[in-house]
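Read the structure below first, then the notes.
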Amino acid sequence: GWYNQRLTDSVFLLPQSLYYQLADAPLNCFGLGWGKGCLYEHGDVVREQGGQGLTTFWMLKNTQHRLQWLSLDIAQLELLSIGALLGVFWLPKRSWRRLALLNISLLVAAYSLFYFAGSYPGAGARFLSETLPIFHVGLAQFNQRTRSFLFLFGLALCGFALHGSYAHEALRSREQAHFDRGTAATKEPRFSSSEVDFHLNFNPDDQPPKVLFHSHDARELPYVQKPEGQDEIEEKILKQLSEEEKNILVPTEARLLHFELEAAWPLIAQEDASSYPSWHPASCLSGGRGLRVLKEGPKPKIRGFFVSASSEISEEYFVRFLNRKGECALMPWSELGLFRGSSQLNSASMNALFQHLGTREVLLDAIIVRRGAPGPHELNGKD
């Protein structure tokens, strides 16, 4: 309770639950029950299951999958799991047998309502790992009854020899695919001479998260620690930069500021909405990604990006998003009913976007601040 209160300001709200509320979709997608399924973290699983979350068929299929992996985890050979289960039935006291079987049954039944099978090479049946000590006691009891330790041990070694290399190769291939996809997606875009890109990088390895600037001459500036407050963020960061870096960051010629919305994920807050980074082949998207926002209620609102108005330079604000044709489109800040310096898309502006698209979801690319008079091709992200 105290741990939850310190991290989420609520005794009953778990940090993991708060994370999924801000970082995945649809709303309340994570948990036990039919219809559950998160589109970002487990998107491939949800799509394979039909896109509507957990169903009875997939509940049974996932349970069969976990039990198959569990039978291998017990002693590296599936056949030995039969001996382990017999050993549980052969425990000397009836109360021990009942308690052991009750624990196994409850855990298998509870996790049957979780949409993600959760097993992969090298990790086994993760969600049923708590039952392994019980099965190992059963295997010891089976060995005591049959007096076949050397035979059982030999079978376990043979099982590992047969399965181990394949499991490690499958794990290597799986992780390599994730690495290759991530490397391809994070290649830096080329900027025109009038652009400055602003990224709030969400990286679990960064403590705390960092802000990274890219200048028009593609020189990467040093990481700057994110300030505590969210208001007037650009002014606070500028104070931490050297004079040389300020000159590159704020060139005197006309330029665009791109506030990449997917880089602000997870958002600071959202109401009647859910959001997650989403891939799309549109050439105008930086890195091929945008922030997909789903309407979950009548007044959707998101907050998590930063726009600071300048009193010295004339500025215009735009929201860039994907239209129904899969092309980047712009909507002026004024048409969304927003003021300069705002740090959120309020319910009126979000509903305006949803109404414009005729859907309950939108793929947002960036907030663009135009200073001076660059050509429209620059606003649309084309050279």
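The values are calculated or read from the model by the stated rules, or taken from the named source; none is laboratory data. The structure presented is a predicted model; accordingly, all values stated were derived computationally and were not measured. Note that we place each Cβ from the backbone using ideal geometry, even for glycine, and neighbour counts take in every protein chain shown.
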Enumeration of residues in the stretch 37-51 that are assigned to a helix (DSSP H, G or I) and free of Cβ contacts under 8 Å to residues at least 40 places away in the same chain: Gly43, Asp44, Arg47, Glu48
Tally of residues being modelled with pLDDT under 55 and not in a loop (DSSP other than H, G, I, E, B) across the stretch 339-383: 4
Cross-chain or 6+ apart pairs with Cβ under 6 Å, the stretch 1-28 first and touching a residue at least 12 places away in the same chain (Cβ under 8 Å), then surrounded by 17 or more Cβ atoms within 10 Å (Cβ to Cβ) and aromatic (Phe, Trp, Tyr): Tyr20/Phe30; Asp24/Tyr40; Asp24/Tyr276; Ala25/Tyr276
Conditions (1) surrounded by fewer than 14 Cβ atoms within 10 Å (Cβ to Cβ); (2) of a type in the set (D, E, K, R); (3) farther than 30 Å from Leu162 by Cα; number of the one not met by Glu48: (3)
Subset tally (residues that are of a type in the set (Gly, Ala, Ser) and modelled with pLDDT under 80) for the stretch 156-178: 6
The one condition in (1) surrounded by 16 or more Cβ atoms within 10 Å (Cβ to Cβ); (2) of a type in the set (A, V, I, L, M, F, W, C); (3) at pLDDT 95 or above; (4) out of contact with any helix residue (DSSP H, G or I) (no Cβ under 6 Å at 6 or more places or on another chain) that Trp69 fails to fulfil: (3)
Matching residues in the stretch 292-318 - criterion: being under 14 Å from Ala263 (Cα atoms), at pLDDT below 85 and part of a strand (DSSP E or B): Arg303
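Each row is one residue, and each column tells you yes or no for (1) surrounded by 14 or more Cβ atoms within 10 Å (Cβ to Cβ); (2) assigned to a helix (DSSP H, G or I); (3) not β-branched (Val, Ile, Thr).
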site: Asn4; (1), (2), (3): yes, yes, yes
site: Leu13; (1), (2), (3): yes, no, yes
site: Tyr19; (1), (2), (3): yes, yes, yes
site: Asn28; (1), (2), (3): yes, no, yes
site: Gly35; (1), (2), (3): no, no, yes
site: Gly53; (1), (2), (3): yes, no, yes
site: Met59; (1), (2), (3): yes, yes, yes
site: Leu99; (1), (2), (3): no, yes, yes
Cross-chain or 6+ apart pairs with Cβ under 9 Å, the stretch 139-165 first and of a type outside the set (Lys, Arg), then exposed (fewer than 12 other Cβ atoms within 10 Å of the Cβ): Gln141/Pro92; Asn143/Phe149; Leu155/Leu79; Gly159/Leu79
